[in-house]
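> Handing you this structure, nothing more for now.
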Amino acid sequence: MPELTYAQALNAALREEMQRDPAVVMMGEDIATHGGVFTVSKGLLAEFGPERVRDTPISEAAFVGLAAGAAATGLRPVVEIMYMDFMFVAADSVVNQVAKMRYMTGGQVKVPLVIRTQQGGGRGNAAQHSQSPDAMWAHVPGLKVVLPATPYDAKGLLKSAIRDDNPVMVIEHKLLYPTKGEVPDGEYSVPIGRADIKRAGNDVTIVAISRSVLHALAAADKLAAEGISAEVIDARSIRPMDFETMVNSLKKTNRMVLAHEAVQFGSILSEISATVQEMAFDYLDAPIARVGGADSPLAYSLPLEMAQLPDPEKIVAAVKSVM
């Protein structure tokens, strides 16, 4: 099985879907001539031309609104928002139009719109280019929100998102683009709304999101050396969310730790914690522990930024606190 980077896997998904369906079009800042700031759309302009791969002005409100209209009238746009922080400029279009159009028309209008963007810290990009506000978008009924952590899932989830008749946000992580993993040559997709057990274990369940999945797997290695068997679950999708897989794991391990670098207050980790204890309180032998980001804008100083974010050591400490 070939090994691709996360960015190459996304590029392959876009190419295959554009070859399969002429209604799939792309738009965003610097995605055409420059192939995207993270090279995800590299080579697609040459293959599909400027009618289907379009550079846009620096106005997220304008081109997300344009994409909403295009989706409602027969196209399947894939919009790239260069940094997740810029999504707020397009909030009215997404929250009040894209997410509600199908509901308010009684299903007569479909909005098969994909918004690709990236979030997260760890690169010294400072407070306006490093946020992880995924919980804000998962809060909006009508939007699906996925956060792939591996090249395999990145390709499979993006293909599922493009084929979905509802709006889907595919949220990537800026430090995942160079990571590598096995990606099949043949056709496959990853279902939206289904978590994945990345590592089986018996003593504690670690549910992680996005880049924190890699931290959780590294933590599981450290814990194994100390005789603690950790099961690592990649949520993959936060709206809808696969609570069943999480609860089934908890019924086996009786302990749970949650990890994601978004600010912990009001985060998806809080939603998982509340829902899981409602569904399986009697199986818990300890309180659910959360390992989230610091309640602060991310620092420009890289050492300070790293201190604000989850890492394998912090997850190990949280696991030991519930054992």
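> Taking the chain, how many lysine pairs are there with alpha carbons less than 20 Å apart, if each pair must be eight or more places apart or span two chains?
24
> Go through the stretch 148-229 and name the GluC sites (Glu not before Pro) that are in a DSSP coil and have 12 or fewer other Cβ atoms within 10 Å of their Cβ.
Here the GluC sites (Glu not before Pro) that fit, given the DSSP loop and packing criteria, are E187, E226.
> By how many degrees, 0 to 90 and rounded to 10, does the Cα axis of helix 151-163 deviate from the longest principal axis of the chain?
With rounding to tens, the tilt is 50 degrees.
> I've got another one for you. If each residue of separation counts as 0.36 nm, what is the full-extension length gain between K251 and F281 once their alpha-carbon separation is subtracted?
Working it through step by step, the gained length comes to 9.8 nm.
> Which longest uninterrupted range of the chain lacks any chymotrypsin sites (Phe, Trp or Tyr not before Pro) assigned by DSSP to a loop state (not H, G, I, E or B) and surrounded by at most 16 other Cβ atoms within 10 Å?
1-187
> Remind me, relative contact order of the stretch 239-323 in percent, using alpha carbon pairs under 8 angstrom and six or more residues apart?
Relative contact order comes out at 36 percent.
> Next question, about the same structure. At 222 nm, what value in deg cm²/dmol follows for the chain if DSSP H runs of at least 4 each add -39500 (n - 2.57) and the sum is divided by all its residues, to the nearest 500?
Dividing the helical sum by the residues of the chain leaves -10000 deg cm²/dmol.
> Can you give the charge dipole size of the stretch 214-323 about its Cα centre, rounded to the nearest 20 debye, using +1 on the beta carbon of Lys and Arg and -1 on the beta carbon of Asp and Glu?
Computed charge dipole of the stretch 214-323: roughly 100 debye.
> Just how much of R290 is accessible, in Å², when a 1.4 Å probe is used and the result is rounded to the nearest 10?
100 Å²
> If I take every Cα pair under 8 Å that is 6 or more residues apart in the stretch 79-122, average their sequence separation and divide by the length, what percent do I get for the relative contact order?
For the stretch 79-122, the relative contact order is 61 percent.
> While we're on this one: Please work out which option in [x] 1.03; [y] 1.11; [z] 0.97 gives Rg/Rh (Cα atoms, Kirkwood Rh) calculated from these coordinates, and answer with its label.
Among [x] 1.03; [y] 1.11; [z] 0.97, the one derived from this structure is [z].
> Put S237, S296 in order of accessible area, largest first, 1.4 Å probe: what do you get?
Order by accessible area, largest first: S296, S237.
> When the Kirkwood radius is taken over all Cα pairs of the stretch 196-323, what Stokes-Einstein diffusion coefficient follows at 37 °C and 0.692 mPa s, in µm²/s?
Approximately 228 µm²/s, per Stokes-Einstein.
> Do any trypsin sites (Lys or Arg not before Pro) in the stretch 112-164 lie in a DSSP loop with no more than 14 other beta carbon atoms within 10 Å, and if so, which?
Those that pass, being in a loop and sparsely packed, are R123.
> Provide the FRET efficiency to the nearest 0.05 for the M323-E51 pair, computing r from the beta carbons and using R0 = 56 Å.
E(calc), rounded to 0.05, equals 0.45.
> Using a basic spin-label model with each label point 7 Å from the Cα along Cα→Cβ, how many nm lie between A225 and E16?
3.7 nm
> Treating the beta-carbon of each Lys and Arg as +1 and of each Asp and Glu as -1, no other charges, what is the dipole magnitude of the chain about its Cα centre, to the nearest 20 debye?
300 debye
> Using alpha-carbon pairs under 8 Å, 6+ residues apart, how would you state the relative contact order of the stretch 181-323 in percent?
This gives 26 percent for the stretch 181-323.
> So which GluC sites (Glu not before Pro) in the stretch 38-75 are both in a DSSP loop and have at most 16 other Cβ atoms within 10 Å of their Cβ?
Those satisfying the criteria are E51.
The values are calculated or read from the model by the stated rules, or taken from the named source; none is laboratory data. Keep in mind the model is a prediction, meaning the values are calculated, not measured. Note: ideal-geometry Cβ built from the backbone for every residue, glycine included; neighbour counts use all protein chains shown. These accessible areas exclude ligands, DNA and RNA; they are computed on the full protein's heavy atoms, side chains included. Shrake-Rupley method; radii C 1.70, N 1.55, O 1.52, S 1.80 Å.
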